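Engineer: After the structure tokens below, expect a handful of questions from me.
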Amino acid sequence: MSLNILVVDDSRMMRTVLIRTLHISGLPVGEVHEATNGQEGLDQLAKNWIDLALVDINMPIMDGETMIDHMRANPLTKETPVVVISTESSPERIELLKKKSAGFVHKPFTPETVRETIERVTGVNHESGD
């Protein structure tokens, strides 16, 4: 099973790093879609089948937390796993984000941390591809 992944981050460089990390992770990556803010992320979710969303929190137009709230309110996306990838440093906010998502990865991150979090969240293994 290939994972169709949505990467939502306002930084082009961070999106590039995440996408490169996905491709070298050994995970079975299918299509990778990009968005620069939460609204664009919701638009991508409406147009494409997404197995996992990697979402930054601090973005213009619509932040990641608001995007996650919209996803959870929509019957078509409420079960889509979300991993928050953020520089957020407030322990209280991180705990809240962990409750709203399937995982939290702190920036800066290692490729191994991203891969291990995706494996835990999706159940897909990088060694066997299932």
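The values are calculated or read from the model by the stated rules, or taken from the named source; none is laboratory data. The shown structure was predicted, so the numbers you read here are calculated from the model rather than taken from an experiment. No Cβ is skipped: glycine too gets one built from the backbone with ideal geometry, and neighbour counts run over all protein chains shown. Accessible surface is based on the protein model in full, side chains and every heavy atom, while ligands, DNA and RNA are left aside. Shrake-Rupley method; radii C 1.70, N 1.55, O 1.52, S 1.80 Å.
Engineer: Apply the a/c threshold of 1.5 to the C-alpha gyration tensor of region 1-68 and tell me whether it is rounded, prolate or oblate. Could the numbers behind the result be given before it?
Structural biologist: Working: a/c = 2.40, a/b = 1.41, b/c = 1.70.
Oblate, because a/c is 1.5 or more while a/b does not exceed b/c.
Engineer: In nm, what is the difference between 0.36 nm times the number of residues separating K98 and K78 and their Cα-Cα distance? If you can, show how the numbers build up before the last one.
Structural biologist: On the way: separation 20, 0.36 × 20 = 7.20 nm, distance 1.53 nm.
Length gained, K98 through K78: 5.7 nm.
Engineer: Still on this model: Return the single residue from I24, I85, I118 with maximal mean-square fluctuation; model: Gaussian network over the chain, springs between Cα atoms under 10 Å.
Structural biologist: Per the Cα network of the chain with a 10 Å cutoff, I24 tops the list.
Engineer: Using a probe radius of 1.4 Å on heavy atoms only, what accessible surface per residue do you get for region 70-123? Whole Å² is fine.
Structural biologist: Numbers: 3060 Å² over 54 residues.
I get 57 Å² per residue for this part.
Engineer: How far is it, in nm, from the label point at R120 to the one at W49 when both lie 7 Å from their Cα along the line to the Cβ?
Structural biologist: With each label point 7 Å from Cα toward Cβ, the separation is 2.8 nm.
Engineer: Remind me, relative contact order of region 23-130 in percent, using alpha carbon pairs under 8 angstrom and six or more residues apart?
Structural biologist: Numbers: 139 pairs, mean separation 30.3, N = 108.
Value for region 23-130: 28 percent.
Engineer: For region 63-130, what does the alpha-carbon gyration tensor say about shape, rounded, prolate or oblate, given a ≥ b ≥ c as the root eigenvalues, a/c under 1.5 as rounded, and a/b over b/c as prolate? If you can, show how the numbers build up before the last one.
Structural biologist: On the way: a/c = 2.61, a/b = 1.18, b/c = 2.21.
Oblate, because a/c is 1.5 or more while a/b does not exceed b/c.
Engineer: First compute the accessible area of region 28-126 with a 1.4 Å probe, then give the percent of it belonging to carbon and sulfur atoms. Provide the component values of the computation, followed by the final result.
Structural biologist: Values: 2550 of 4970 Å².
Carbon with sulfur: 51 percent of the solvent-accessible area.
Engineer: Excluding residues on the same chain fewer than 8 positions from K99, give the lysines whose Cα lies under 21 Å from its Cα.
Structural biologist: Answer for K99, where 21 Å is the Cα cut-off: K78, K107, listed by chain and number.
Engineer: Using a/c under 1.5 as the rounded threshold, could you call the chain rounded, prolate or oblate? The axes a ≥ b ≥ c are square roots of the C-alpha gyration tensor eigenvalues, and prolate needs a/b larger than b/c, oblate otherwise.
Structural biologist: Details: a/c = 1.40, a/b = 1.21, b/c = 1.16.
It comes out rounded by the Cα gyration axes.
Engineer: If you count only protein heavy atoms with a 1.4 Å probe, what accessible area per residue comes out for region 1-57, rounded to a whole Å²? Spell out each step's value before the answer.
Structural biologist: Details: 2600 Å² over 57 residues.
Each residue of region 1-57 exposes 46 Å² on average to a 1.4 Å probe.
Engineer: Calculated from DSSP H runs of 4 or more alone, at -39500 (n - 2.57) each and per residue, what is the 222 nm mean residue ellipticity of the chain, nearest 500?
Structural biologist: Details: 5 runs with 55 residues, N = 130.
Calculated at 222 nm, the ellipticity per residue is -13000 deg cm²/dmol.
Engineer: Okay, next question. For the chain, set up a GNM with springs between Cα atoms under 10 Å and report which of S89, S11, S101 has the largest fluctuation.
Structural biologist: Result: S89 has the largest fluctuation of those listed.
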